[in-house]
Amino acid sequence: MAIRNSIGPDGVVSFIDGKTYQVLKRHLRVNGLDPDGYRERFGLPASYPMTAPGYSRRRSRLAKDIGFGTRRQGAA
């Protein structure tokens, strides 16, 4: 499978088993790899995502909506 075809808006296809995952990190850990080892094993660029783009956008939006990354007024 071509690298560009392995990344979809809602999932990243694993080169290990061909299944689609929103987040590859847990799948890699079960298979004894870390993200860097996975990229090296399959000749992927350092910029290859471990999380589906759509999933990342949804999580980012949720974090911003609930105020992560901002200081509360009056907090000591």
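Those residues that are of a type in the set (A, V, I, L, M), within 17 Å of residue 25 (Cβ to Cβ) and out of contact with any strand residue (DSSP E or B) (no Cβ under 9 Å at 6 or more places or on another chain), I need them from the range 37-76; list them, please.
Those that are of a type in the set (A, V, I, L, M), within 17 Å of residue 25 (Cβ to Cβ) and out of contact with any strand residue (DSSP E or B) (no Cβ under 9 Å at 6 or more places or on another chain): 44, 46.
Scan the range 28-45 and tell me whether some residue there is touching a Pro at 6+ places or on another chain (Cβ under 6 Å) and of a type in the set (Gly, Ala, Ser). No, because not a single residue in the range 28-45 is touching a Pro at 6+ places or on another chain (Cβ under 6 Å) and of a type in the set (Gly, Ala, Ser). Residue 47 passes every criterion in (1) surrounded by fewer than 10 Cβ atoms within 10 Å (Cβ to Cβ); (2) over 20 Å from residue 20 (Cβ atoms); (3) polar (S, T, N, Q) apart from (2). Restricted to the range 1-25, and to residues there that are under 10 Å from residue 50 (Cβ atoms) and out of contact with any Phe, Trp or Tyr (no Cβ under 8 Å at 6 or more places or on another chain), the residue that is surrounded by the fewest Cβ atoms within 10 Å (Cβ to Cβ) is 25.
Throughout, read-outs are computed from the coordinates displayed, never taken from laboratory work. In this text, all values refer to a predicted model and were calculated from it rather than measured experimentally. With ideal geometry, Cβ positions are generated from the backbone for all residues, glycine too; neighbour counts draw on all protein chains shown.
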